[in-house]
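What follows is a short report on a single structure.
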Amino acid sequence: MEKVRGFEVAKGFEDKNINLPVRKTKYSAGYDIEAAEDTIIPAFKRGMKPTLIKTGIKAYMADDEVLILANRSSNPGKKGLILANSIGVIDKDYYGNPDNDGHIMFAFYNIKDEDVEIKKGDCIGQAIFQKYLTVDNDIAQGERTGGFGSTNK
């Protein structure tokens with residue numbers, strides 16, 4: 001079978017019992033993604049960096065596709081968790097990069113007054129594969145050389 005799009009366990013997580021994302025209903029757009037390990041997300045303080053939640057997975061896709069990471073609708077109200085970047089964008093060339101093998105992570109801020117504990121296996125977000133378009137005069141020739149946050153490096 002030809003690989004078109006999907007999820008795999010990222011290097012370093014092969015023996016961590018990682019569950020690959022699944023859709024829970026036949027009309028769900030998003031694949032539910034779980035945390036790969038227990039993590040504490042501290043209550044927000046001015047100037048702090050977001051907490052990265054490891055998933056232990058990576059994603060492969062077609063040349064004209066992107067994987068969008070979205071927060072769970074219940075996270076802000078129930079847990080006080082918001083995505084630091086509103087959405088995550090996983091490009092095709094993030095897969096297998098030399099820095100982190102394309103390991104997907106969610107960047108969260110906790111807007112509650114108390115720390116939030118995420119347990120391994122908790123659903124933390126969802127991922128949606130989408131097609132994207134380019135303009136007529138697109139000349140992008142660059143190649144990714146790193147992992148998380150490396151596009152302009």
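The values are calculated or read from the model by the stated rules, or taken from the named source; none is laboratory data. Quick caveat, the model's predicted, so the values are computed rather than measured. Heads up, the Cβs are rebuilt from the backbone with ideal geometry, glycines too, and the neighbour counts pull from every protein chain shown.
Okay, residues lined up against (1) in contact (Cβ under 8 Å) with a residue 40 or more places away in the chain; (2) in a strand (DSSP E or B); (3) crowded, with 19+ Cβ neighbours inside 10 Å:
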site	(1), (2), (3)
Val4	yes, no, no
Lys16	yes, no, no
Ile33	yes, yes, yes
Lys49	no, no, no
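In the set Ile111, Ile33, Ile53, Ile90, which member is within 21 Å of Gly142 (Cβ to Cβ) and modelled with pLDDT of 95 or more? Matching residue, one of Ile111, Ile33, Ile53, Ile90: Ile90.
Per the listing Ile53, Ile87, Ile124, the residue uniquely more than 22 Å from Lys3 (Cβ to Cβ), within 11 Å of the chain's Cα centre (by Cα) and surrounded by fewer than 15 Cβ atoms within 10 Å (Cβ to Cβ) is Ile87. Selection of the stretch 108-121 for residues being surrounded by fewer than 17 Cβ atoms within 10 Å (Cβ to Cβ), out of contact with any Phe, Trp or Tyr (no Cβ under 7 Å at 6 or more places or on another chain), of a type outside the set (Lys, Arg) and on the phi < 0 side of the Ramachandran plot yields Asp113, Glu114, Asp115, Glu117.
Leu20 falls short on exactly one of the conditions (1) in contact (Cβ under 8 Å) with a residue 60 or more places away in the chain; (2) part of a loop (DSSP other than H, G, I, E, B), and that condition is (1).
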